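Chemist: Can you read through this structure? Questions will come right after.
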């Protein structure tokens with residue numbers, strides 16, 4: 001049954017994305033706000049499909065901690081789920097992403113029109129300088145910058161590897177950072193076909209104010225996100241002990 005429900009969801013998930021991209025083509029004519037509205041529609045319909053097909057819902061905590069205006073959002077990265085499910089909480093967001101994603105037919109048009117920050121990694125140090133410049137411009141304009149501090153998805157229970165990019169942007173842009181913890185990897189593991197039923201727990205943590213030294217900021221961010229993530233993982237396993245197998249399997 002789990003396999004069948006996962007199969008149906010995955011088919012509907014990508015069909016939903018394709019249909020929205022086709023029907024949403026006119027939004028490309030109306031500026032980045034229209035494109036972001038379409039992205040939020042994708043997030044909401046995808047999560048609706050998760051609830052109906054897979055019995056998987058989400059509980060959001062600490063919403064009162066979300067700042068206003070321009071700030072950096074730094075979520076834990078365990079699965080694809082958080083790449084789309086957090087966007088409804090950011091009114092004018094921009095992701096920092098690899099430039100190659102903008103080459104995907106149609107999908108890449110939306111990234112460009114939505115004024116996302118694409119990195120040309122072949123430029124080395126020049127790429128980071130460009131990212132900091134564009135991030136500063138976006139933040140000063142009241143936008144929100146999404147960046148995954150670990151850069152890539154990490155299995156649940158794996159040792160964290162926080163990269164310096166988020167610290168460089170924090171120092172350069174002098175903006176607050178909103179850490180986000182969750183346990184989505186228990187239910188939508190990376191490189192896995194299965195979508196397990198249950199409740200994904202998400203927690204928006206206390207924002208880190210600007211002005212810290214880079215090393216202190218990185219310690220603070222890592223401690224807050226990892227402590228909260230471990231707590232949310234433990235809470236989910238206490239509700240459903242079978243989820244402990246996901247931690248063992250993905251961390252191996």
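Only the coordinates and a few stated rules stand behind these numbers; no lab work does. Computed from a predicted model, the values in this text were never measured in an experiment. No Cβ is skipped: glycine too gets one built from the backbone with ideal geometry, and neighbour counts run over all protein chains shown.
Chemist: Cα centroid distance between region 32-48 and region 121-187, in Å?
Modeler: 22 Å
Chemist: Of all beta bridges DSSP finds with both residues in region 57-251, what is the antiparallel percent, to the nearest 5?
Modeler: Bridges in region 57-251 that DSSP calls antiparallel: roughly 20 percent.
Chemist: When a footprinting reagent is the concern and you count Cβ atoms within 10 Å, what order do 102, 27 take, fewest first? All intermediate terms of the calculation are to be shown ahead of the outcome.
Modeler: On the way: 102 15, 27 22.
Fewest-to-most ranking of 102, 27: 102, 27.
Chemist: Can you compute the modelled spin-label distance between residue 10 and residue 68, with each label point 7 Å from Cα toward Cβ, in nm?
Modeler: Between residue 10 and residue 68, the simple spin-label model gives 4.4 nm.
Chemist: For the residue pair residue 1 and residue 174, what label-to-label distance in nm results when each label sits 7 Å from Cα along the Cα-to-beta-carbon direction?
Modeler: Taking the simple label geometry, residue 1 and residue 174 are separated by 5.8 nm.
Chemist: Over all directions, the average projected area of the alpha-carbon convex hull for region 57-251 comes to how many nm²?
Modeler: Details: hull surface 43.7 nm².
The directionally averaged projection comes out at 10.9 nm².
Chemist: Let me ask something additional. Just rank 84, 204, 187, fewest to most, by other beta-carbon atoms within 10 angstrom.
Modeler: Ranking 84, 204, 187 by Cβ neighbours within 10 Å, fewest first, gives 84, 204, 187.
Chemist: Here is a follow-up. Between residue 18 and residue 227, 0.36 nm times their residue separation minus their Cα-Cα distance comes to what?
Modeler: 71.5 nm is the gain from fully extending residue 18 to residue 227.
Chemist: Here is a further query. Contact order normalised by length for the chain, with contacts defined as Cα pairs under 8 Å and 6 or more residues apart; what percent is it?
Modeler: Numbers: 431 pairs, mean separation 63.3, N = 252.
Contact order relative to length: 25 percent.
Chemist: For a quick check: sort 42, 103, 81, 109 by the number of other beta carbons within 10 angstrom, fewest at the front. Please report the intermediate quantities before stating the final value.
Modeler: On the way: 42 19, 103 11, 81 23, 109 15.
So the residues, fewest neighbours to most, are 103, 109, 42, 81.
Chemist: To continue, here is another question. Remind me, relative contact order of region 22-160 in percent, using alpha carbon pairs under 8 angstrom and six or more residues apart?
Modeler: 34 percent
Chemist: Then there's this: First measure r as the distance between the Cβ atoms of residue 219 and residue 61, then evaluate 1/(1 + (r/R0)^6) with R0 = 25 Å and state the FRET efficiency to the nearest 0.05.
Modeler: Numbers: r = 23 Å, r/R0 = 0.94.
According to the calculation, E is roughly 0.60.
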